[in-house]
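**Student:** Okay, here's the structure, questions in a sec.
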Amino acid sequence: MFLKSIEIFGFKSFADKSLIQFSDGVSALLGPNGCGKSNVVDAIKWVLGEQATKSLRADKMEDVIFNGTEARKALNVAEVTLTLQNDHNLLPLDMPEVSVKRRLYRNGDSEYYINNTPVRLKELRELFYDTGVGKSAYSIMEQGKIDQVLSNKPEERRLIFEEAAAITKFKVRGQEAERKLLRTEENMRQVESILSEVK
Ligand code: ATP
């Protein structure tokens, strides 16, 4: 799997639609302090479903929308599209290229798309389970992340190995099944109590 391009519009300092294309090998983003290099990394995390504003260096989610400058009016929508080459079908879709898009309006409405089809955040996240690409997976190594990984508790370090061993998906499904089971048991208890009252 290979990150082909990212298109950013209205996200943080990107008031104009900007397309960054990556080619084989190592790519580097260069620029003076404050020009928006880290905003590109934030945009990648955001489009992969990041919900933690702290991790996006924002106080509230609305802060990721371009908030204007002296010369330009603020925008009302932020949109990021990530296009990945999927040649080994690592993403479970039989398509050579997969694009994911996230859009946020200032009124709080948000939209997610996979190949331009609207999806729920859950579906977008599921697409990346066990690929190492998810919002908190190991494909994004920010400053301090290696130290953090080394000093993490063993249980937290284990999550990284689970992602690499492709078992995250099953773990998440197992947790969902357990939650459903608990809800069903609770419903059963309520039904039994109603039945005993009726008898
Ligand atoms: P450094 O090299 O110092 O780490 P950088 O190139 O990584 O800098 P970023 O942190 O990506 O820079 O960008 C910071 C810039 O983004 C600041 O000028 C800030 O004003 C601008 N910025 C952040 N959020 C918004 C927003 N919502 N609207 C407009 N500009 C924003």
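**Student:** Cβ-Cβ below 7 Å, separation at least six or inter-chain, first residue in region 55-66 and more than 13 Å from Val41 (Cα to Cα), second more than 7 Å from the ligand (Cβ to nearest atom) and hydroxyl-bearing (Ser, Thr, Tyr): which pairs?
**Tutor:** Asp59/Thr53; Lys60/Thr53; Met61/Thr53
**Student:** Any residue at all in region 94-102 that is more than 25 Å from Glu163 (Cβ to Cβ), in contact with a strand residue (DSSP E or B) (Cβ under 8 Å, 6 or more places away or on another chain), more than 12 Å from the ligand (Cβ to nearest atom) and among the polar types (S, T, N, Q)?
**Tutor:** Residues of region 94-102 more than 25 Å from Glu163 (Cβ to Cβ): none.
No, because not a single residue in region 94-102 is more than 25 Å from Glu163 (Cβ to Cβ), in contact with a strand residue (DSSP E or B) (Cβ under 8 Å, 6 or more places away or on another chain), more than 12 Å from the ligand (Cβ to nearest atom) and among the polar types (S, T, N, Q).
**Student:** Would you check which residues across region 94-147 are small (Gly, Ala, Ser), surrounded by 15 or more Cβ atoms within 10 Å (Cβ to Cβ) and at pLDDT 95 or above and list them?
**Tutor:** Passing the criteria: only Ser99.
**Student:** Could you count how many residues in region 23-68 are more than 14 Å from the chain's Cα centre (by Cα), of a type in the set (A, V, I, L, M, F, W, C) and exposed (fewer than 15 other Cβ atoms within 10 Å of the Cβ)?
**Tutor:** The number of residues fulfilling the criteria is 5.
The values are calculated or read from the model by the stated rules, or taken from the named source; none is laboratory data. Nothing here was measured: the structure is a model prediction, and the numbers come from that model. Cβ atoms come from the backbone with ideal geometry, glycine included; neighbour counts cover every protein chain shown.
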